[in-house]
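What follows is a set of notes on a single structure, which appears directly below.
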Amino acid sequence: LIPRLLALVNADGARYDYLLGERLGRTVSKEQYAFVYNTATLEADVRNAYTVGDPDDLLHREPFVATFRARGAPAEEAFTFKLVNIHTDPDEVEQELNFLDDVFLAVRNDGDNEDDVIVLGDLNASEYELGQLGALAGITCAINGVPTNTRGTKTYDNLVFDSRSTEEFTGRGEVFDMVRQFNISTDDALAISDHLPVWGEFSVYEGGTRGGFAARPEDSVR
């Protein structure tokens with residue numbers, strides 16, 4: 001499915017690529033995590049993408065982790081970061097969120113010396129309900145106080161990171177409202193997804209500064 005999708009996306013000359021995790025799930029119903037990214041703005045470390053180990057089976061679908069570098073800045077100054085892709089089980093949200101703090105710390109301390117770790121995906125919880133993950137020092141969310149489901153009733157999806165280390169975050173994060181953007185009905189939007197896309201904006205420069213000044217809006221990546 002992903003190659004077919006990107007063949008359509010890239011038909012006009014775009015250069016999107018993807019990383020795909022393994023099929024996961026305890027039942028016959030399986031899911032796969034994927035990172036779809038614009039190679040004109042991001043470089044992926046394709047050799048070091050991995051699925052988090054979970055020997056005690058504490059997560060229904062173990063997170064998929066990949067490392068990226070922003071393009072648009074000299075390599076030695078470019079923002080590098082790790083994304084931890086997760087879809088929590090709605091029936092086991094509390095347990096899984098209370099384990100994701102361990103995942104966050106394990107990824108940050110995995111020996112790669114990368115302190116910019118962003119947990120993102122369908123958390124099935126608002127920014128106030130992140131359990132032990134939310135209790136970590138410095139933890140913040142890109143989306144606050146805005147519903148992310150298509151019906152506009154719940155906040156499930158987010159980007160979660162340590163604001164003390166990920167200073168590249170510009171403070172901008174929003175929900176892409178398909179109903180308003182495409183002028184369609186809620187039912188039509190639900191036919192696409194019961195979740196809305198969310199985004200956060202980050203400077204392409206490591207530390208979020210350039211020559212001692214805050215990066216310009218054009219020096220950012222979403």
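The values are calculated or read from the model by the stated rules, or taken from the named source; none is laboratory data. Computed from a predicted structure; not experimentally measured. As a convention, Cβ positions derive from the backbone with ideal geometry for all residues, glycine included, and neighbour counts pool all protein chains shown. Accessible surface is based on the protein model in full, side chains and every heavy atom, while ligands, DNA and RNA are left aside. Shrake-Rupley method; radii C 1.70, N 1.55, O 1.52, S 1.80 Å.
Figures for the structure shown
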{"quantity": "Index of the failed condition, G72 passing every other in (1) in contact (Cβ under 8 Å) with a residue 60 or more places away in the chain; (2) more than 18 Å from N158 (Cβ to Cβ); (3) not in a loop (DSSP other than H, G, I, E, B)", "calculated": "(3)"}
{"quantity": "Residue in the stretch 87-97 that is touching a residue at least 12 places away in the same chain (Cβ under 8 Å) and under 14 Å from the mean Cα position of the chain (by Cα) present", "calculated": "yes"}
{"quantity": "Selection from the stretch 81-97 of residues that are open to solvent by 10 Å² or more (accessible area, probe 1.4 Å), modelled with pLDDT of 95 or more and not charged (D, E, K, R)", "calculated": "F81, L83, N85, H87, V93, Q95"}
{"quantity": "Members of the stretch 193-219 that are modelled with pLDDT of 95 or more, among the aliphatic types (A, V, I, L, M) and loosely packed, with under 14 Cβ neighbours inside 10 Å", "calculated": "none"}
{"quantity": "Checklist (1) open to solvent by 30 Å² or more (accessible area, probe 1.4 Å); (2) without any contact (Cβ under 8 Å) to a residue 12 or more places away in the chain applied to Y18, failing item", "calculated": "(2)"}
{"quantity": "In the stretch 53-68, the residues that are more than 20 Å from N109 (Cβ to Cβ) and either of a type in the set (D, E, K, R) or out of contact with any Gly (no Cβ under 8 Å at 6 or more places or on another chain) (or both)", "calculated": "D57, R61"}
{"quantity": "Matching residues in the stretch 60-80 - criterion: being surrounded by 22 or more Cβ atoms within 10 Å (Cβ to Cβ), more than 15 Å from R47 (Cα to Cα) and not charged (D, E, K, R)", "calculated": "P63, A70, F79"}
{"quantity": "Matching residues in the stretch 102-128 - criterion: being touching a residue at least 24 places away in the same chain (Cβ under 8 Å) and more than 18 Å from the chain's Cα centre (by Cα)", "calculated": "D112"}
{"quantity": "Selected residue (criterion: modelled with the lowest pLDDT) from residues of the stretch 11-25 that are part of a loop (DSSP other than H, G, I, E, B) and over 17 Å from the mean Cα position of the chain (by Cα)", "calculated": "G25"}
{"quantity": "Strands (runs of 3 or more DSSP E) contained in the stretch 98-191 and holding at least 2 residues open to solvent by 30 Å² or more (accessible area, probe 1.4 Å)", "calculated": "139-141, 169-175"}
